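Each value in this text was obtained by applying a stated rule to the coordinates, not by laboratory testing. Just so we're clear, the structure is a prediction, and the values are computed from it rather than from any experiment. Glycine also receives a Cβ, built like all others from the backbone with ideal geometry; neighbour counts cover every protein chain displayed.
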Amino acid sequence: MTDTAAIQPVVSSTSSAGTTTTNSAATSSATVSSDFETFLKMMTVQVQNQDPMNPMDSTEYATQLATFSSVEQQVLTNDLLKEMGAMLGGNALQQFGSWVGMDALARTPAQFTGEPVVFRPEYAVGAETANLLVRNSSGDVVQRLSIPVGQEEAIWAGVDDQNNIYPDGSYRFEIESYKGEELLETNLAAVYNRVDEVRNEGSEVMVRLASGAELTTSQVDGLRSAGT
């Protein structure tokens, strides 16, 4: 049996993200400023060397300045949005970091360690009977049991017909819904797994469970205190 106390949960945080983004924004701003100065110098040289008999139209200068200003503003706006995104990502990580150590309900396999597993079945509309299929990490069906339609929560004891305990490992629970002899559909049941890690990944906050499954926070259907 796995000693869960020896498994240390972790919250992964990219603390340098805000600094990196800020430095990147500052670098981009400096680059834009340098380019703008170069542009002005080029225009000055162009004015000094223009043909006095055929001077450039003033509207052309205005157009060039307006075009450069528009590009400059777009670059600075993009940098600002990136910086804001990094700040929001950090806030989200702080918000979901409290999930570490809790049990999350999601449609994923469960990590069996010899203790009964609580799961929540999902039945097809119109189902009259239902079966529970238990699959191991290889995808093989190790047990098939009848389950009453409408039962909201059930417990898998983790023992076979001879009352032998199944090996520790990852198991998933599927619900077959029948109407008469017709199989309507097969749904993956939701189970509780301990949250071991929460981290930022791009624009998403990812959750890693004790079973090894990784999912987004939006895929978590519920939370409870560990061992409840």
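Please give the residues of the range 189-205, grouped as numeric ranges, whose backbone N is less than 19 Å from a label point set 7 Å along the Cα-to-Cβ vector of S98.
194-200, 205
Which residues' amide hydrogens lie under 5 Å from the amide hydrogen of L223, considering only partners 5 or more residues apart or on another chain, with H built in the peptide plane?
Residues meeting the amide H criterion: L105.
Determine, for each peptide in 155-166, 130-141, the mean count of other beta carbons within 10 angstrom over its residues, then list the peptides with the highest first. Numbers along the way, then the final one.
Values: 155-166: 11.9, 130-141: 14.4.
Output ranking for 155-166, 130-141: 130-141, 155-166.
Report the full-extension gain for the segment T186 to E128: residue separation times 0.36 nm, less the Cα-Cα distance, to one decimal in nm.
Values: separation 58, 0.36 × 58 = 20.88 nm, distance 1.36 nm.
Additional length available on full extension: 19.5 nm.
Convert each backbone phi in the range 127-144 into a coupling constant with the Karplus relation 6.51 cos²θ - 1.76 cosθ + 1.60 (shift: θ = phi - 60°), then list the ³J(HN,Hα) values in order as whole Hz, x for Gly and Pro.
Listing the rounded values in order: 5, 9, 9, 8, 10, 9, 10, 10, 10, 7, 5, 8, x, 7, 6, 9, 7, 10 Hz.
What are the ³J(HN,Hα) couplings of the range 116-122, residue after residue, when phi is run through the Karplus curve with 6.51, -1.76, 1.60 and θ = phi - 60°? Round to Hz, x for glycine and proline.
x, 10, 8, 9, 10, x, 10
Can you list residues whose amide H is under 5 Å from V149's amide H, if they're 5+ apart or on another chain and H is modeled 1.01 Å from N?
Long-range HN contacts for V149: A130.
Using the Cα centre of the range 101-228 as the reference point, and only Cβ charges (+1 on K/R, -1 on D/E), how large is the resulting charge dipole? Debye, rounded to the nearest 20. Intermediate values should be presented prior to the final figure.
Values: 10 positive and 21 negative charges, 52 e Å.
It comes to approximately 240 debye.
Sorted from largest down, give the three principal axis spans of the alpha carbons of the range 101-228, whole angstrom values.
If we take the Cα atoms of the range 101-228, the spans are 47, 35, 28 Å.
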